[in-house]
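Remarks on the structure that follows.
The values are calculated or read from the model by the stated rules, or taken from the named source; none is laboratory data. Only a predicted model underlies this, so the values are computations on that prediction, with no experimental measurement involved. All Cβ positions, even for glycine, are placed from backbone atoms using ideal geometry, and neighbour counts span all protein chains on display. Note: areas computed on protein heavy atoms with side chains; ligands, DNA, RNA excluded. Shrake-Rupley method; radii C 1.70, N 1.55, O 1.52, S 1.80 Å.
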Amino acid sequence: MKPKLSYILFQFFLLRFAFILCPLSFILVSCNTTEPPPDNGNGNGNDEPKPKITLTVDDTSPTEVWLNLTTENISLADTLTLIRNNDNVKTIELFDSSFIFYQDSLRPSQSYTYTAIINDTVTSEATAITMDTTSHNFSWEVFEFGEHGNSILRDVAIIDENNIWAVGAIYLKDSTGGNDSKAYNAVHWDGTEWNSVRINFPTVCGSSNFTPYPASSVFSFEDGTVWISSSGDKIAIIEGGTQQTQFCLPSEVSMSINKIWGVTSNEVYVVGQVGSIAHYNGTSWRKIESGTDLTLSDVYGNNYNSIYISGTDISTVSGVLLNGNQSGFSIVKHSGIVDESQLFEQLYGELSAVWIDEKGTVYTGGNILFWNRRGE
């Protein structure tokens, strides 16, 4: 039996469709891949990056912990909760992608586990073990300097345990046993004993005559160079334990120097009477306005950009704390006779000393010691 024409046409049509379909199927298969779609870490295959927060332990003491927190791909500001040993210990509004948590009032030689949460994003655990208290029995030895008159030490620089300078005015006996009216202005510890030293300053600026005026300040730089100032405007430089040179401040920055600070001998600040600040850049000196006429008694910094200067007025039992750098200083805190309700807005009494530790904690000393840790 001959097939019907309609059946033949139908078979031909299927054959034509198969030839068309097969190349199309080949193209579709060849365009396919066994690789998964791109995933940027959020698990959903789209281009939105995954939020991430990281918590690490930066440092510990017997009762304190410092934690570093960093965020990635999180829109700020946002609320962050810090958890210690499963208890919420701090909630803050986080504005920056990095932050340092400070925890105190902890117990020595204890393990503390921390996590932090922003919305549903949780850090991995960070375990901090506080340091143990020391078991060493400290022994103290007292050294006395001066055999007559009003001997005084005003400043000290500890280079290491075998190299210490202290400066001021030290009156000793002469070779005959009488009172020597010409004071020593420094003592040096060499690891075995203290030796009295006379540091010479120009008697008058520009002259070749020298006088061991009483010294007011000593500072040791990282390169081992030691600068010692007179109670006036003169500075002597010690290298290798021996005085190498001496000079006067130029007239445009002249002051009675109370304190020297710097990281290198090419980046130096000196402070003194009537709000005086001068900066040395390794080549020249320049005056910096302080915004106060109080006696500036101390200067210290932990980097070139953030330097603190304390000032005091003994007559009114008041003071001032400045912060800045070679671009300028501003007043950050006043002090004086205040009652308890005013404390910390103002500090109490004089501010005769300032110091900063490696964590950026600022300490002031006067009638009362204060510290400031990251604004607290």
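Worth pointing out:
- Applying the criterion of being open to solvent by 40 Å² or more (accessible area, probe 1.4 Å) and under 27 Å from Leu153 (Cβ atoms) to the residues of the stretch 296-308, the residue that is modelled with the lowest pLDDT is Asn302.
- For the stretch 170-241, the strands (runs of 3 or more DSSP E) that sit wholly inside it and include 3 or more residues that are on the phi < 0 side of the Ramachandran plot, surrounded by 11 or more Cβ atoms within 10 Å (Cβ to Cβ) and touching a residue at least 40 places away in the same chain (Cβ under 8 Å) are 184-189, 215-220, 226-230.
- Breaking point among (1) in contact (Cβ under 8 Å) with a residue 40 or more places away in the chain; (2) farther than 19 Å from Thr364 by Cα; (3) in contact with a Phe, Trp or Tyr (Cβ under 7 Å, 6 or more places away or on another chain); (4) open to solvent by 20 Å² or more (accessible area, probe 1.4 Å), for Cys248: (3)
- Contact map, the stretch 83-97: residues that are under 24 Å from Asn73 (Cβ atoms) and open to solvent by less than 70 Å² (accessible area, probe 1.4 Å) paired with residues that are in a strand (DSSP E or B) and not small (Gly, Ala, Ser), Cβ distance under 6 Å, separation 6+ or inter-chain. Pairs shown: Ile83/Thr115; Lys90/Leu82; Ile92/Leu80; Leu94/Asp78; Leu94/Leu80; Ser97/Thr71.
- Test result for Asn258, modelled with pLDDT under 95 and part of a strand (DSSP E or B): no
- Residue count for the stretch 263-289, restricted to those that are of a type in the set (Gly, Ala, Ser), at pLDDT below 95 and either in contact with a His (Cβ under 6 Å, 6 or more places away or on another chain) or surrounded by 14 or more Cβ atoms within 10 Å (Cβ to Cβ) (or both): 1
- Subset of the stretch 55-82 [free of Cβ contacts under 8 Å to residues at least 40 places away in the same chain and not in a strand (DSSP E or B)]: Asn73, Ser75, Leu76, Ala77
- Among the candidates Val253, Val274, Val299, the residue that is aliphatic (A, V, I, L, M) and more than 23 Å from Thr364 (Cβ to Cβ) is uniquely Val253.
- Residue list for the stretch 124-156, filter: out of contact with any Lys or Arg (no Cβ under 8 Å at 6 or more places or on another chain), in a loop (DSSP other than H, G, I, E, B), open to solvent by less than 100 Å² (accessible area, probe 1.4 Å) and among the β-branched types (Val, Ile, Thr): Thr133, Thr134
- Pairs are defined by a Cβ separation below 9 Å, a sequence spacing of at least 6 or placement on different chains, a first member in the stretch 101-123 that is closer than 12 Å to Asp78 by Cβ and open to solvent by 70 Å² or more (accessible area, probe 1.4 Å), and a second member that is of a type outside the set (A, V, I, L, M, F, W, C) and not in a loop (DSSP other than H, G, I, E, B); the pairs so defined are Asn119/Asp78; Asn119/Thr79.
- Subset of the stretch 318-353 that is within 22 Å of the chain's Cα centre (by Cα) and β-branched (Val, Ile, Thr) - its residue that is least open to solvent (accessible area, probe 1.4 Å): Val320
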